[in-house]
Structure formats: C-alpha cells, structure tokens
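Down below is the structure, laid out as structure tokens.
Laboratory data are not the source of any read-out in this text; all were calculated from the coordinates shown. None of the values given here were measured: they were computed from a predicted structure. Please note: Cβ atoms are built from the backbone with ideal geometry, for glycine as well, and neighbour counts cover all protein chains shown.
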Amino acid sequence: MSREDRWILFSSWLSLTVWVALGWVLLDADLQGLQETLGWWMIAIAIAPLLIGAGGMSAFEEPRTGERVAWADEDPPKLNGRGLESCGGCGG
C-alpha cells in the first residue's frame with residue numbers, strides 16, 4: 001500500500017469519525033450546551049477533515065505507472081569535451 005493510499009484511508013476514517021461525533025452532538029438533547037458552545041465552529045470542524053485529506057493527498061501523490069514526471073520529460077544535457085552543456089551557437 002502506497003503512502004498516498006494510506007493517507008486516503010486515514011483521512012477517510014478521520015472524516016467519518018468527526019462527522020459521526022458532530023452528528024451525535026446535533027442529535028443528542030443532552031449535548032445541547034456543547035452545540036451552543038461550538039456554534040458556527042461546527043461547520044469549520046466538519047470541513048477541516050476534507051481540507052486535511054486534500055492537502056495530504058497532494059503532498060503524498062505519487063506518479064502513476066506509465067506517466068512521466070515533469071523533470072523526466074526533458075532530454076538529458078549534451079556534454080562537450082570539457083563536460084559542459086553544449087549550446088548551439090553560443091560559443092560554448
């Protein structure tokens with residue numbers, strides 16, 4: 001399992017856990033005081049796992065099989081006798 005797959009699994013469980021807890025706070029009458037205390041922060045708490053998951057996926061993203069990475073798309077430098085890159089017509 002790749003790092004990206006593990007991150008997706010982790011962020012999915014995190015999201016599910018947060019949303020179940022927020023649902024419990026919303027539906028349980030005994031937790032009305034907590035709901036009033038959190039107020040509009042409950043929306044931010046509900047969105048946070050999505051942002052964390054997206055950030056982690058972009059950080060741990062791996063190139064897919066068969067895809068070329070950006071730095072591999074360029075041709076390797078051509079070296080002259082002194083070990084320098086040849087540039088056509090620049091005197092080098």
- Query: Under 14 Å from the 7 Å Cα→Cβ point of Ile52, by amide nitrogen: which residues of region 1-23?
  - Reply: 7-22
- Message: Just to be sure I understand the model, the point goes 7 Å from the Cα along the line to the Cβ. What's the resulting Phe60 to Leu14 distance in nm?
- Response: 0.9
